[in-house]
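The values are calculated or read from the model by the stated rules, or taken from the named source; none is laboratory data. No experiment lies behind these values; they were computed from the predicted model shown. All Cβ positions, even for glycine, are placed from backbone atoms using ideal geometry, and neighbour counts span all protein chains on display. Only protein heavy atoms, including side chains, enter the accessible area calculation; ligands, DNA and RNA are left aside. Shrake-Rupley method; radii C 1.70, N 1.55, O 1.52, S 1.80 Å.
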Amino acid sequence: MQEIFQAIKRSAAKIAEAIHQEERGYSHKKNSSGEQQLKLDILSDEIIENELGAVSSVKVLASEEKSEPMLINGGGRYLIGYDPLDGSSLVDVNLSVGSIFGIYEESFDAPNLIAAAYVVYGPRVEMVISTVKAERFLLSDGEFSFVEELSLGEKGKINAPGGTQKEWFAHHKELIDSLFKEGYRLRYSGGMVPDLHQILVKKGGLFSYPGTQDRPKGKLRKVFEVFPFAHVFEKAGGYAIDDRGERILSQRVNNVHETTPCFFGSKYEIETVKRFYERTK
Ligand code: AHM
Ligand code: MG
């Protein structure tokens, strides 16, 4: 598995470089930001595919950018689901973005997820790897060095509510309002990687991306986004549940692009989510 993490680290350094090069090209390309964005998504996907595709233990790669998983090496052991550049539209407004990876065995069902990683491209480039614990690394002079083990407290102060408010169900709005009434502060950038990273580093809080009236199954994808972060949160001593109050890591998939409502947080916030969602049962 170490060779997979090494390949992810090399990809991260190259994607960080690509993001900065696009930035340098910004002035003469400012009328075609949509196209530019697309290029960066594709470039990030290619970088990861080239790096992970060369690792002999990798059997299948499934990218958020591609409709079908790709067989790499029939004799390999691991299936990797990844989102090459999550929140990529935020690059244009110079907010942080990220890459997310889930490492599975046998299938892309969550119980088969054995490790996860994500990279945050912000003022600094950081990476978190979760295996038996969740560890934070910082990119400096081309190398990732260990910063700390991530560990959530029982309760935080951050509320990061995703989804279009107009489409929220009444019980969800009540949940979010009640946390604000308790004194929670709004911290939401619209990029799940930096939004969740902030909660992990600040040791608690709630990130929610609920099912809504227009999207009952939410927006975030199980295999590329939700399962990997659920792994990181649990290894950091936190929780990740769906709108039925079930553990995200017990979910299965029929299609790698399926989405699920999701809630990530520390103990107190997740208990609060369960209390408000209990009424819908
Ligand atoms: P993407 O994979 O197409 O970039 O979408 C995922 C992103 C997440 O980072 C973020 O939490 C969410 O979309 C925000 O979406 P929206 O602004 O549509 O609610
Ligand atoms: Mg994404």
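Worth pointing out:
- Pairs, first of a type in the set (Asp, Glu) in region 220-235, second away from ligand 2 (no atom under 11 Å from the Cβ) and in a helix (DSSP H, G or I), C-beta under 7 Å, six or more apart: GLU234/LEU249
- Region 249-275: number of residues that are closer than 20 Å to LEU179 by Cβ and among the aliphatic types (A, V, I, L, M): 2
For every residue, the table says whether it meets (1) away from ligand 2 (no atom under 16 Å from the Cβ); (2) open to solvent by 10 Å² or more (accessible area, probe 1.4 Å); (3) among the β-branched types (Val, Ile, Thr).
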position: GLN165; (1), (2), (3): yes, yes, no
position: TRP168; (1), (2), (3): yes, yes, no
position: GLU174; (1), (2), (3): yes, yes, no
position: LYS181; (1), (2), (3): yes, yes, no
position: LEU186; (1), (2), (3): yes, yes, no
position: VAL193; (1), (2), (3): no, no, yes
position: GLN198; (1), (2), (3): yes, yes, no
position: LYS203; (1), (2), (3): yes, yes, no
position: LEU206; (1), (2), (3): yes, no, no
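Residue-by-condition table, conditions (1) buried (at least 16 other Cβ atoms within 10 Å of the Cβ); (2) in contact (Cβ under 8 Å) with a residue 24 or more places away in the chain:
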site	(1), (2)
GLU64	yes, yes
GLU106	no, yes
LEU113	yes, yes
ALA117	yes, yes
ARG136	yes, yes
ASP141	no, no
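- Index of the failed condition, THR131 passing every other in (1) farther than 29 Å from ASN73 by Cβ; (2) of a type outside the set (Asp, Glu); (3) open to solvent by 30 Å² or more (accessible area, probe 1.4 Å): (1)
- Residues in region 68-93 that are in a loop (DSSP other than H, G, I, E, B), within 19 Å of the chain's Cα centre (by Cα) and more than 14 Å from ligand 1 (Cβ to nearest atom): PRO69 alone.
- Here is the figure for region 259-274: residues that are assigned to a helix (DSSP H, G or I) and either touching a residue at least 40 places away in the same chain (Cβ under 8 Å) or acidic (Asp, Glu) (or both) total 7.
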